[in-house]
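What follows is a set of notes on a single structure, which appears directly below.
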Amino acid sequence: MRQSLLRFVRTLHITRVLVRYRLDEVLYFLPILKPYQAILRLSPMSWLGPKPQGDFAERLRQALETLGPTFIKLGQMLSTRRDLLPDYITQELAKLQDAVPPFPSEEACKIIESALGKPINTVFSEFHSKPAAAASIAQVHFGVLQDGREVAIKVRRPGLRRIIDQDLAILGLLADLAERYSQEGRRLRIRAVVAEYAKTLRGELDLLREAANASQLRRNFAADPDLLYIPEIYWDYCSSSVLVMERIYGIPIGQLDALRAAGINFDQLSRRAADIFFRQVFRDAYFHADMHPGNIFIDHQSGRFIAVDFGIMGSLDDASQHYLAENMIAFFQRDYRRVAEAHVEAGWVPPDTNVQDFETAIRAIAEPVFEKPLNEISVANLLLRLFQTTRAFHMQTQPQLLLLQKTLVNVEGIARDFNPALNMWEVATPLLTEWLSRQRGPRGWWTEMKRHFPEWGLVLPEMPVLLHGILRQAQQGELPLVIRNQDLEGIRKEIRRGMLRLSFGVSGTFIVVGIGIMAALAHKLDYAILDLPLWAWLILIPGFTWVGVRWVGSFFRIRD
C-alpha cells in the first residue's frame, strides 16, 4: 500500500513537470490516455504556471534534467537513437549532463563507515572530504589506504534506489500500454527496450557489480597493456554502495591542447580507439558501453587509454556477434544481397520480407555513401541509415544492440576528434575477417567441439537408454505429440485478459448504476419485483453478471 502511494505521488510529480514544460502531449498518442488530456487542460497548472522557453527539444531536455537520474540516463540513451527520433531532438538530448551538485561529505562518510563496518580513519590514512566528481548515481572522493595506496572512493547517493524503482515501474506501465494499444509500440518492442534499460540502470546502482565489470575488463586486456588500462579493484573495501579502486592519473581525452603538449601521437590514438572497440565487441563480446569523454583518459607517458566508470557494460550473444560481423563485411564488399539475407536469417526483419526489395533499399542508401573516400565514411552513420531504412520493412528493435550503437557513435567520435582522416574500415576489416575465420570452417568447428566435449561426455552414456525408450513408445503408439503455437497462445491470453476486463467493467457499471438508483429511490427500496425487494435485485444482477462473464471467460482459459 505504501509503495502504491509513493508511486502515485511520483506520478503526480512527473505529470506536473510534463505540464510545466508543455510536454504532456507526448502521452496522448495512446488512446487510453486521451481523457487524461482534458483533466490536465482543466488543471490550474496548465494556465497559471510560467511559460517555458525554447522549442520542443529544449523543453524535453530541461524536463528530463528536472526529473532526475532515471530520466537523464533515459535521455542519454535516446540521444543515440536517431533511427527513432528526429535529429534535432537527439542533438539536444546529447547535451544532457550527468553532473549534479554533490551531497554532503558527512553523509558520504556515514555511508562508507556503514558499508565497511569501521571508522573511516581506520581504513584511510587520508580522506579528501571535498568530492572530486559528482554525478546522478554517485560521487567520488580521493583518499589513501593505511598501506599507502592511493585510491578513488565511489559512494552511491543515499535514497536513490527507491526513486529509481518507482520511475522504472511507471516507465514499465507506459511501455505496456504502448505495446498493447499501438502498432508502432509493438514493432519497436517498447517493453523489451524499457526492460533492457531497467536492467542497465539497476546494474549501475550496484557498485559491487561495477567492480566485477571492471575486473572482467581488466582481465580481458591483461595481454594488451599498451592499448587499454583498467584500474585495480580493492575488493576488501567494496560493497553495493561503496567502491574503492586504484587512483589513476591521466589527461582527459577532451583536453587536446594538453595532449599535444605531452607529445601524444593523435593518429596512433585514433587507431587505438577503434582497435579497442572492435576487440571488445568481436573478441570478447563484452564492452565498455559508456565511453564518453568524461570516462576516458590518456596516460601522458605511454599514450595508452585509461577507462573509468564501469556501471554500463554491454554484451552480445553469438548470433548477434555473427550477424553484426556479416553485415559489416558485406557492406564493405558492397554485397547488399548478403546484408538483406543476414537481416532475415537473424530474425531482425519478418521472415516473409521480400529480400530483393530489401536489397534494393539497402543499395539506395549505401551506394551514395561509398562514392566518398573510405576515410570519410562513418560506420555509425551508415548503420544508422540502415536502421532508418529498415523501419519500412518492419524491423523490430533489438535491445541487445542499443548499447552497441551508442558505444560505436561515441568511439567513432573520439577517434575522428584525434584524426578526422581515420579510415575506420581499414582498422575494422582485419579484426572482423579474423573473427569470422575463427567462427567458421575447421578452426571454428574444432573450437566448438573442444568447448562442448565435457557436456557430450556426460550425455553420451544416457543416449542408448533414451533412444530405446523413444523407439519403444513409438512402436506402442504412445509417443506424445505436442504442438504449441506461440501466436495462438498470445491470442488466447489476450482474449482471457479482455474477458477479465469486460467482467470488471460490466460489473463495475452495474454497481455504479445500482448505487445511483439506490440513492435516488432510497424511499422505495422495499418495493417488491417478483417477490424480491428492489435492493435485492440491485445486488443479484451484478453478481449474476460477474458469474456469467467469468463462466464464458473460462472457455478461453489457458491450460498448461
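Report, in listed order, any pair from 73/372; 130/199; 95/154; 110/406; 95/406 with a Cα-Cα distance greater than 26 Å.
Result: 73/372; 130/199; 110/406 exceed 26 Å.
Rounded to the nearest Å, what's the spacing between the alpha carbon centres of region 137-164 and region 178-246? Just the number, please.
Here the two parts' Cα centres lie 17 Å apart.
How many nm separate the modelled label positions at residue 248 and residue 186, each set 7 Å beyond the Cα in the direction of the Cβ?
If labels sit at residue 248 and residue 186, their model points lie 4.6 nm apart.
With r defined as the distance between the Cβ atoms of residue 345 and residue 240 and R0 fixed at 41 Å, what FRET efficiency is calculated, to the nearest 0.05?
Approximately 0.50, to the nearest 0.05.
Spelling out what I want: for every residue of region 362-368, take phi, set θ = phi - 60°, compute 6.51 cos²θ - 1.76 cosθ + 1.60 (Karplus), and round to whole Hz; glycine and proline get x.
These are the phi-based 3J(HN,Hα) values: 5, 4, 5, 8, 8, 4, x Hz.
For the pair residue 265 and residue 122, how long in nm is the line joining their label points, each one 7 Å along Cα→Cβ?
Placing both labels 7 Å along Cα→Cβ, they lie 5.2 nm apart.
Apply the Karplus curve 6.51 cos²θ - 1.76 cosθ + 1.60, θ = phi - 60°, to the phi angles in region 302-314 and return the couplings in whole Hz, x for Gly and Pro.
Couplings: 9, x, 7, 7, 10, 10, 9, 6, 10, x, 10, 10, x Hz.
Quick one: what are the phi-derived ³J(HN,Hα) couplings along region 66-74, Karplus 6.51/-1.76/1.60 with θ = phi - 60°, whole Hz, x for glycine and proline?
Computed from phi, the couplings for region 66-74 are 5, 6, x, x, 4, 7, 4, 5, 5 Hz.
Give the calculated FRET efficiency between residue 129 and residue 162 to the nearest 0.05, with a Förster radius of 25 Å applied to their Cβ-Cβ distance.
Using R0 = 25 Å, I get an efficiency of 0.45.
Calculate, for residue 12 and residue 173, the FRET efficiency according to 1/(1 + (r/R0)^6) with r their C-beta to C-beta distance and R0 22 Å; round to the nearest 0.05.
Result of the calculation: an efficiency of 0.95.
Hey, rough spin-label estimate for residue 355 and residue 463, points 7 angstrom out along Cα→Cβ, what's it come to in nanometres?
Modelled inter-label distance: 3.2 nm.
Going highest first, how would you order 165-173, 247-255 by mean Cβ packing within 10 Å?
165-173, 247-255
First check a/c for region 252-440, with a ≥ b ≥ c the square roots of the eigenvalues of its C-alpha gyration tensor; if it is under 1.5, answer rounded, and if not, answer prolate when a/b is larger than b/c or oblate otherwise.
Here region 252-440 falls in the prolate category.
Readers should treat all values here as calculations from the given coordinates under stated rules, not as data from a laboratory. Note that the structure is a prediction, hence the values are computed from the model and not measured. Here the Cβ is made from the backbone with ideal geometry for all residues, glycine too, and neighbour counts use every protein chain on show.
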